[in-house]
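Okay, structure first, notes after.
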């Protein structure tokens, strides 16, 4: 059976989407119905899922998380497919949105610093990820999968965010998508454009692929993260790209 290794953060792990993946560290928040599991089921792949909530590019490359080695250590060079969804935690994307959604009085202190420098740095970090994955598994297809769209387009309200805060969030999301695309192009990897395909399915839409603000509750997808429909949609995109035009899975 062909080997598939899935790398990334909570946007790939799927915290709160039941059931939990068997054997995964509790803090990973890894779902048995995240997009890597769905892709593996549909394509008949032997999945090694090391996605982990809170992961940064450093956790992919060299740093451990509780109960987990650096994610790249899951690669042994025999992989046919690698997917990676990473980068948002490097710039505090979701924490930025949570902070912006708090009452003004509560968030009077500068909880988060300037984003532009971090966005510049994450581009280089993503290129390092792409280069390292290609070196570890030169025969594999390596797919960067960018983030599903969380925020509505300009002109559509996103309470409790102000228009200015929503604009900041959109800017961070757009720059992350650009950095991911550049990293894929610069390192000979492929790109799955989840952000582009989910613009109409933001968290405030009638058919959302992500969740909105709220408290984390057992058995429910984490706030400001993919829901089950979003994971299915990303799996569809990955399967279509891997299968290629004209194959049964992509028709």
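The values are calculated or read from the model by the stated rules, or taken from the named source; none is laboratory data. Predicted, not measured: the structure shown is a model, and the values here were computed from it. When we count neighbours, we look across all protein chains shown, and the Cβ atoms used for this are built from the backbone with ideal geometry, even at glycine.
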Looking across segment 1-53 at residues that are assigned to a helix (DSSP H, G or I) and over 20 Å from residue 79 (Cα atoms), the single one that is farthest from the chain's Cα centre (by Cα) is 26
Of 6, 28, 21, the only residue that is closer than 20 Å to residue 93 by Cα, modelled with pLDDT of 95 or more and touching a helix residue (DSSP H, G or I) at 6+ places or on another chain (Cβ under 8 Å) is 28
Report task. Kindly indicate whether any position in segment 215-237 is under 30 Å from residue 131 (Cβ atoms) and over 14 Å from the mean Cα position of the chain (by Cα). Result -> yes
Only unsatisfied item for residue 60, checking (1) part of a helix (DSSP H, G or I); (2) closer than 18 Å to residue 133 by Cβ; (3) out of contact with any strand residue (DSSP E or B) (no Cβ under 7 Å at 6 or more places or on another chain), is (3)
Taking segment 131-151 and keeping only residues that are assigned to a helix (DSSP H, G or I), free of Cβ contacts under 8 Å to residues at least 60 places away in the same chain and farther than 21 Å from residue 2 by Cβ, one is left with 131
Only one of 73, 79 is more than 18 Å from the chain's Cα centre (by Cα) and under 19 Å from residue 192 (Cα atoms), namely 79
The residue from 143, 161, 133 that alone is at pLDDT 95 or above, more than 20 Å from residue 119 (Cα to Cα), buried (at least 18 other Cβ atoms within 10 Å of the Cβ) and more than 15 Å from the chain's Cα centre (by Cα) is 133
Selection over segment 174-192 where residues are out of contact with any helix residue (DSSP H, G or I) (no Cβ under 7 Å at 6 or more places or on another chain) and buried (at least 16 other Cβ atoms within 10 Å of the Cβ) yields a count of 1
